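This report refers to the structure that appears directly beneath it.
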Amino acid sequence: MWIEDVRDFSVETEADGEVIRKEIDKDFFFDGPMALGVFLFADKDKKTGAFTEKKVMIIKFRKHLGGYKVESKVVLGGLENASRVVEKIREWLLDNEK
């Protein structure tokens with residue numbers, strides 16, 4: 001699937017007219033022909049119908065022929081896992097400043 005403007009991409013998903021993955025927020029970072037999308041979302045629990053703990057998904061897009069295509073994606077699970085990833089990156093950045 002090619003996307004003309006990557007900012008229009010959404011991880012929100014519906015099934016039978018019902019939202020089963022709710023997108024809460026998103027942001028994009030661009031570097032030449034690549035774009036990185038960071039999405040905050042929650043999935044609907046099939047048993048309770050309530051939305052689960054918030055999760056983070058990172059999607060790498062590749063630009064080609066005027067559009068973008070999903071190249072890879074990773075879900076960081078809950079916000080605790082996402083926070084651990086952020087802390088590790090922050091640690092690397094601080095070490096780089098030394």
Quick one: how many residues across region 1-32 are surrounded by fewer than 14 Cβ atoms within 10 Å (Cβ to Cβ) and touching a Ser or Thr at 6+ places or on another chain (Cβ under 6 Å)?
0
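I'd like the full set of residues that are farther than 18 Å from ARG21 by Cα and either aromatic (Phe, Trp, Tyr) or under 16 Å from the mean Cα position of the chain (by Cα) (or both), limited to region 42-69.
Restricting attention to region 42-69, the residues satisfying the condition of being farther than 18 Å from ARG21 by Cα are 60-69.
The answer is LYS60, PHE61, ARG62, TYR68, LYS69.
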In the set ALA42, ALA35, the lone residue that is surrounded by 14 or more Cβ atoms within 10 Å (Cβ to Cβ), touching a strand residue (DSSP E or B) at 6+ places or on another chain (Cβ under 8 Å) and touching a residue at least 24 places away in the same chain (Cβ under 8 Å) is ALA35
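Bear in mind that the values in this text are calculations on the coordinates, not laboratory data. Small disclaimer: the values here were computed from a predicted structure and weren't measured. Counting neighbours? That spans all protein chains shown, and the Cβs are built from the backbone with ideal geometry, glycine included.
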